[in-house]
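> Mind having a look at this structure? Questions to follow.
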Amino acid sequence: MKMIHEILYILHMFGMTAIISLGLYLFFNKNIDEEQNKRLALYLMSASHIQLLTGFVLFILMLSEVNHMKIGIKILLASEIAIVATFYRRKIVKKETPNPSFLIVVVTSAITITII
């Protein structure tokens with residue numbers, strides 16, 4: 001059981017690292033071709049979903065040992081990140097120019113979760 005917890009925790013931290021780094025990269029690097037932008041948007045969306053899913057499973061595994069209010073806020077923010085990252089990817093796939101505020105919301109929310 002402890003090994004499963006450690007693997008999920010590593011995946012959870014990897015997801016958060018990927019969200020922050022990809023969000024910052026996409027926001028600051030404007031010289032990305034269309035195909036690379038699609039791929040990076042897919043990675044951003046996948047990382048946000050991995051982070052949300054592993055966080056929820058970790059919460060279930062440690063149900064009696066956590067601060068429920070803190071975890072509730074984190075799950076709410078993680079859900080927001082996953083939704084906004086999905087909208088961002090949808091705009092990229094439709095060949096529309098996404099609003100840069102999508103990435104700002106993703107990165108600031110991810111940093112907020114990390115601080116909490």
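> Among the residues of region 84-116, write down those that are more than 19 Å from GLY15 (Cβ to Cβ) and free of Cβ contacts under 8 Å to residues at least 60 places away in the same chain.
ARG90, LYS91, ILE92, VAL93, LYS94, GLU96, THR97, PRO98, ASN99, SER101 - these are the residues of region 84-116 that are more than 19 Å from GLY15 (Cβ to Cβ) and free of Cβ contacts under 8 Å to residues at least 60 places away in the same chain.
> What residue, of SER79, SER64, is more than 16 Å from the chain's Cα centre (by Cα) and assigned to a helix (DSSP H, G or I)?
SER64
> State the number of residues belonging to region 63-83 that are in contact (Cβ under 8 Å) with a residue 24 or more places away in the chain and open to solvent by 20 Å² or more (accessible area, probe 1.4 Å).
6
> Looking at (1) without any contact (Cβ under 8 Å) to a residue 24 or more places away in the chain; (2) open to solvent by 60 Å² or more (accessible area, probe 1.4 Å); (3) under 25 Å from MET1 (Cβ atoms), can you tell me which one HIS49 breaks?
(1)
> Still on this structure, I have one more. Quick one: would you say THR86 is open to solvent by 80 Å² or more (accessible area, probe 1.4 Å), among the hydroxyl-bearing types (Ser, Thr, Tyr) and modelled with pLDDT of 90 or more?
When the stated conditions are applied, THR86 does not pass them.
> Being surrounded by 15 or more Cβ atoms within 10 Å (Cβ to Cβ) and more than 15 Å from ILE113 (Cα to Cα) is the filter; apply it to region 1-23 and report the residue that is farthest from the chain's Cα centre (by Cα).
For region 1-23, the residue satisfying everything is LEU8.
> List every residue pair whose Cβ atoms sit under 6 Å apart, with the two residues 6 or more apart in sequence or on different chains, where the first one lies in region 26-46 and is assigned to a helix (DSSP H, G or I) and the second, anywhere, is among the β-branched types (Val, Ile, Thr) and open to solvent by less than 30 Å² (accessible area, probe 1.4 Å).
From residues that are assigned to a helix (DSSP H, G or I), the pairs are ASN37/ILE92; LYS38/ILE92; ALA41/ILE92.
The values are calculated or read from the model by the stated rules, or taken from the named source; none is laboratory data. Model, not experiment: these values are computed from the prediction. Every residue, glycine among them, receives a Cβ derived from its backbone with ideal geometry; neighbour counts consider all protein chains shown. Only protein heavy atoms, including side chains, enter the accessible area calculation; ligands, DNA and RNA are left aside. Shrake-Rupley method; radii C 1.70, N 1.55, O 1.52, S 1.80 Å.
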